1. Could you list, in sequence order, the residues of the stretch 60-81 that are crowded, with 18+ Cβ neighbours inside 10 Å and among the hydroxyl-bearing types (Ser, Thr, Tyr)?
2. Go through (1) at pLDDT below 90; (2) of a type in the set (Phe, Trp, Tyr); (3) under 16 Å from GLU13 (Cα atoms) for PHE62 and report which single condition fails.
3. Starting from residues that are modelled with pLDDT of 70 or more and assigned to a loop (DSSP other than H, G, I, E, B), keep the ones in the stretch 21-48 and report whichever is least open to solvent (accessible area, probe 1.4 Å).
4. For CYS84, all conditions in the list (1) modelled with pLDDT of 80 or more; (2) exposed (fewer than 12 other Cβ atoms within 10 Å of the Cβ) hold save one; what is the number of the exception?
5. Take the residues of the stretch 3-13 that are open to solvent by less than 50 Å² (accessible area, probe 1.4 Å) and within 12 Å of LEU106 (Cβ to Cβ): which is modelled with the lowest pLDDT?
6. When only residues in the stretch 87-99 that are in a helix (DSSP H, G or I) and hydrophobic (A, V, I, L, M, F, W, C) count, which is surrounded by the most Cβ atoms within 10 Å (Cβ to Cβ)?
7. Give the stretch 100-113 a look and list any residue that's in contact (Cβ under 8 Å) with a residue 60 or more places away in the chain and either open to solvent by 100 Å² or more (accessible area, probe 1.4 Å) or of a type outside the set (A, V, I, L, M) (or both), or say none.
Amino acid sequence: VLQNLSQTPVLRELLKEAKIPGTTVKIESPELCMLCCFSFKQEPQLIKLDQPGPLTLAMHQFVTEMQETKKGVVTPKELFAQVCKKAIRFKGYQQQDSHELLRYLLDGMRAEE
């Protein structure tokens, strides 16, 4: 799940911009435009970003490390700690479904907006 999220260009761009509070981000997704261009014109979305919360900052740190690391192995220790604060069920390293992690991670970041 985290590898896939780290390869999502729109998410990477938003996380990079999220470091600067009060920034307005313009999202134009060529992939979405290609899907929609036959029925209607896709307008870019403008999103004003507030101060990022700890989960969002941990996600930014993790994605940046995944993109820039040369060592090959990245451990999402801080990101996992922040997810556990939002969803107590992940504490204790018990097995969880990846779609549950995805849901709690994205919901948690959205709640910090």
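The values are calculated or read from the model by the stated rules, or taken from the named source; none is laboratory data. Here the structure is a predicted model, which is why all the values come from computation and not from measurement. Every residue, glycine as well, gets a Cβ built from its backbone with ideal geometry; the counts of neighbours run over all protein chains shown. We work out accessible area using only protein heavy atoms, side chains counted, and drop any ligands, DNA or RNA first. Shrake-Rupley method; radii C 1.70, N 1.55, O 1.52, S 1.80 Å.
1. Across the stretch 60-81, there are no qualifying residues.
2. Evaluating PHE62 over (1) at pLDDT below 90; (2) of a type in the set (Phe, Trp, Tyr); (3) under 16 Å from GLU13 (Cα atoms) leaves (1) as the failure.
3. This residue is THR23.
4. It is condition (2) that CYS84 fails.
5. Among them, the one singled out is LEU11.
6. Looking only at the stretch 87-99, we keep the residues that are in a helix (DSSP H, G or I), and these are 88-90, 98-99.
Imposing the further condition that a residue be hydrophobic (A, V, I, L, M, F, W, C) reduces the set to 88, 90.
Numbers: ILE88: 8, PHE90: 18.
Filtering the stretch 87-99 for residues that are in a helix (DSSP H, G or I) and hydrophobic (A, V, I, L, M, F, W, C), the one surrounded by the most Cβ atoms within 10 Å (Cβ to Cβ) comes out as PHE90.
7. Step one: list which residues in the stretch 100-113 are in contact (Cβ under 8 Å) with a residue 60 or more places away in the chain, which gives 101-102, 105, 112-113.
Within the stretch 100-113, GLU112, GLU113 meet the criteria.
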